[in-house]
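**Q** I am attaching a structure below and will ask some questions about it afterwards.
The numbers here are math on the coordinates, done by the rules we state, and not lab data. Keep in mind that this is a model prediction, so the values were computed, not measured. Glycine also receives a Cβ, built like all others from the backbone with ideal geometry; neighbour counts cover every protein chain displayed.
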Amino acid sequence: MASFLNLGTNPFSTPVGQRIEQATDGSMPTENWAVNMEICDMINESSDTARDAMKAIRKRLQQNAGKNNQVIMYSLTVLETCVKNCGKAFHVLVAQKDFIQELVKLIGPKNDPPFVVQEKVLNLIQIWADAFKNQPDLNGVTQMYMELKNKGIEFPQTDIENMAPIYTPQRSVPEQPPPQAVTQQAVSPQHAVMTAAGIQSAGPNQLAPEQIAKLHSELEIVSMNMSILGEMLTELRPGQEEPDDYQLLNDLTATCKEMQSRIVDLIGRVTDDELTAELLRINDELNNMFLRHQRYEKNRATTTSMTSPSAVLGAAMGVPTSNAPASNITAPEPKLLDFPDNSNDDVLSSFNRLGMSNTTKPSTKDADEFDMLAQSRTNGGSK
């Protein structure tokens, strides 16, 4: 009977389960976005696949809680990607109160999670609670969010209003694409493109080989800027840097943010798979640089050592500081990878105008665990 009801089935024996196991392999140096997006396509095929995927993700988290944080982070990224790119069938499973309770237990003191895992889980719960708050059948996550806040759990400071909305795109790779069909490029939540009218009307661009080569050369300049920014963040001591160095650090960060806006725009336009993967990788690295800069600013404004977990979490999430000097020089907006909406010839000509520098309420047991979590994030004895 257990076999008939699939109660004893290995969640990784299903096609989507196999992909999830592949996408969360802890030995990978970075996320496999191609597999992540394939998982989303599979989930969008049927509600059965959505359930299979959810079982596999939950199993992956349960198996590695307190053991392999790399697998945990990859699993959370897959989960986040699926919520961002899949439909209601998957949202219903994610927003269930019991699943959110599992996520909270994942970051409880028992598992001794690093702050990066804590902030990831809390950030996801916060974003989903806001996104699903007006949908009665998805309010389990909202209820848990409010209960956790009432327990004293401190959530990361996130600009939810300016984040890319949760939406359900078309398949990233149609099974039988019609001639000259235009497909909305589905991307990960960290790289999701907000569906602006200009981007949507322009549609994907098929670049010529010489244009792709030119674009790769421009991306090398982006990488150079990131490298310089990374070196500065490593070498400079917060609060002890020279004014000119600090000015350059802020200007370079601003320039990289402008570069990222162009890259995000490109992700939704280009159709070359290899180029899209490269854009996603660079966007990931830029996000990591910005997190490092946020932590740098927090440390710069802090004159005493941070001892409470909530303070450390605030630094990790880049809580804005009021006493960091503001830059008096406004970096010019670069024309990085600026796609006009008329033709590929104009696309190529826009590369020549590149404006950047090469140097530039639960059970008693659950309630107790939530209390322990709240205490671990507010007392001074946390790791």
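**Q** With 10 angstrom as the radius, rank H91, H216 by how many other C-beta atoms surround their C-beta, starting from the fewest.
**A** H216, H91
**Q** Per residue of segment 53-63, what does 6.51 cos²θ - 1.76 cosθ + 1.60 with θ = phi - 60° give for ³J(HN,Hα)? Whole Hz please, x for Gly and Pro, Karplus curve as stated.
**A** 5, 5, 4, 5, 5, 4, 5, 4, 5, 5, 5
**Q** For segment 209-304, report the convex hull volume of the alpha-carbon atoms normalised per residue, in Å³, without decimals.
**A** Spelled out: Cα convex hull of segment 209-304, divided by residues, is 88 Å³.
**Q** Using a 10 Å cut-off around each Cβ, can you sort Y246, Y145 from fewest to most neighbouring Cβ atoms?
**A** If I rank by nearby Cβ atoms, fewest first, I get Y246, Y145.
**Q** Arrange the following residues from fewest to most other Cβ atoms within 10 Å of their Cβ: M73, M146, M37.
**A** M146, M73, M37
**Q** Calculate the dipole size of segment 12-52 relative to its Cα centre from +1 charges on Lys and Arg beta carbons and -1 charges on Asp and Glu beta carbons; express the result in debye to the nearest 20.
**A** Dipole of segment 12-52, to the nearest 20 debye: 60 debye.
**Q** Additional query: Rounded, prolate or oblate: which fits segment 1-135 when a ≥ b ≥ c are the square roots of the eigenvalues of the alpha-carbon gyration tensor, with rounded for a/c under 1.5 and prolate only if a/b beats b/c?
**A** rounded
**Q** In nm, to one decimal, how far is the E210 label point from the D25 one, both placed 7 Å along Cα→Cβ?
**A** 4.0
**Q** Here's another thing I want to ask about it. Label points 7 Å out from Cα along the Cβ direction at Q18 and T271: separation in nm?
**A** For Q18 paired with T271, the spin-label model returns 3.0 nm.
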